[in-house]
Amino acid sequence: MKPNLTFTFMKFSFFLKNKYSVCFLHFIFLYFIALGMVHAQNENQNFQVQGTITDELGGPLPGANVLEKGTTNGVSTDFDGQFSIEVSDENAILVVSYVGFQNQEIAVAGQNNIDIQMKADAAGLDEVVVIGYGKQKKKLVTGATLQVKGEDIANRSKTNPLNALQGQSPGVTISTNGGQPGSPSKVYIRGMGTIGSTTPLFIVDGVQTESIDYLNSSDIASMDVLKDAASAAIYGSRASNGVILITTKTGTAGNDRITFDTFYGMQSLAKKPGLLNAQEYAMIMNEKFENSGDEPFFVGDRKDQINAMSAGTDWIGLMFKDNVPTQNYSFGFSGGTDKSIYSSGLSYTEQGGILGGASQNNLKRVTFRTNSEHNFFDGILKVGENLTVAHIDLKGAQQGGRNNFVFSALSMPPILANRDSNGDFVDNSTGLLADFGAGGVANPNALSLLDNQQKSKTFKVLGNFYLELQPIKDLRIRSSLGTVYEDEEFRMYVPKYPLLGQFNNPSTRPFDEVRQQNSKSLQIVWTNTLSYDFKLKEHEFDIVVGTEIQ
């Protein structure tokens, strides 16, 4: 608080010139002393709590969530189930949650060490989870499986449903390859299982696909993660990195519904790096020359130039935009009768990038989904389909590499302007720095504009048409034909420009560069299975045999 107090005293002493100035300053001094004591007392009221969270058998629960009730203050347990959290006071209440267990509220009541034993959610054990080519109740599944409900995914308000899994899926690590909207996500299920590709197998409504970034979160009914070899064995070597099964929403007989879901948010850089301004940069560079035994560089006319610049160019502030919108609008309708059920949805998603704003980096996605199922002969025969059509429009930056524009923005001196008096981009190879050979970094804002004119459009269709026959009770014969069609078009344009070290410098490559490519792919999967469920006394048997051609 010392800088604030000093500033306040200087301010009041400047304006107060009458005979009551000293008394008034004494009052202000006592006021801030009292305020500081209250602040210190509030700081001292923070209460440290630590402990261990286990299951009913005493095993640790890594990744369990511990939240101070009524606040956003929370932590997760480590690999040994241990946690440490600083709460507002000794009477705080902790809310503990973990997938598959009942939520608990624990009163701190002045305790510094609290060990918590979680109880299994018995009601949740009767929920149906998807495993391989069928479904089972949770309590009957012996493998390592995880289910996340669709409403939990939609409530996270993410443009990519995979990102909504973060923090809700113990044993699953999800990260984004880059900050550009539409960047694919990396998924690790129980760590890295191979030195090759670590991408798990995605199956949407029974159809295999390489990614699910075309899906809208509001269309998902559940996501089931098969994490161990026993659960994923039915898929063979394709499941070496785990399996993620996605089931989209279906209708319910006698429950006609029309829904509209939307979210709108603003994005900004959470924390901008503290870089030197023009005066600070000149001072540091002069110290460099003095320490080397050379004459200071920023003196005389050069010093006057620096002083006229004030703070100089804030390259990070120039390139990263604030309050960039992200939005999603989803319209759906579902319902049915005892003979037929249906569910359809139409959604629009848009997300701009904070690097350059939506005009430079942007994702637009339109998704249409429809599912229906029809019963014949009192349920003996079922016919249905799952169909999703998506169009994705991406405009974005090249990513990766040491000489990208973010690295250049961190390295570019603040004494250089973005453009000169003629409106041309200023480069590090000219101007002040050229006098003593410093540089090697091109204008980052110019790079982000000139080397960033690329677009891609993707049209994707994923469909599954199935027929299921049940001649006798619990015996099911199912045949499904799935298809994935994808058409992607990519365009890039890079004009010639005189920037330091860039491949399109007119002196070395005096022409514009244009790239265009188009790719199409078609995948067909025909699956036939026969399943039979029966009980012998207290034992339950599930038998599945089948073939699959891809």
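The values are calculated or read from the model by the stated rules, or taken from the named source; none is laboratory data. Computed from a prediction, not measured in an experiment: that's the story for all the values here. Positions of Cβ are backbone-derived with ideal geometry, glycine not excepted, and every protein chain shown enters the neighbour counts. Keep in mind that these areas ignore ligands, DNA and RNA; they rest on the heavy atoms of the full protein, side chains included. Shrake-Rupley method; radii C 1.70, N 1.55, O 1.52, S 1.80 Å.
Some observations on this one:
- The fraction of accessible area contributed by carbon and sulfur in the range 509-550 is 55 percent, rounded to a whole number (1.4 Å probe; ligands and nucleic acids excluded).
- For the range 215-309: Kirkwood Rh in Å [reciprocal of mean 1/r, alpha carbons]: 20.9
- The residues neighbouring residue 459, those whose beta-carbon lies less than 9 Å from its own, together hold a net charge of -2 under the Lys/Arg +1, Asp/Glu -1 convention.
- In the context of the full set of protein chains, the range 231-324 has a per residue accessible area of 61 Å² (1.4 Å probe).
- Descending semi-axes in Å of the range 171-329, equivalent ellipsoid built from Cα gyration tensor: 54, 25, 9
- Global form of the range 266-413, assessed from the alpha-carbon gyration tensor, a/c cut-off 1.5: prolate
- When the pairs 227/271; 158/496; 158/272; 457/496; 227/395; 149/455 are compared against a 27 Å limit on Cα-Cα distance, 227/271; 158/496; 227/395; 149/455 fall above it.
- Carbon-plus-sulfur accessible fraction, the range 277-425 (probe radius 1.4 Å, protein heavy atoms only): 53%.
- Counted charge near residue 388, where neighbours are those whose Cβ lies closer than 13 Å (Asp, Glu -1; Lys, Arg +1): -1
- Among the trypsin sites (Lys or Arg not before Pro) in the range 258-360, those located in a DSSP loop and surrounded by at most 12 other Cβ atoms within 10 Å of their own Cβ are 271, 339.
- Surface per residue (accessible, 1.4 Å probe) for the range 73-123, Å²: 56
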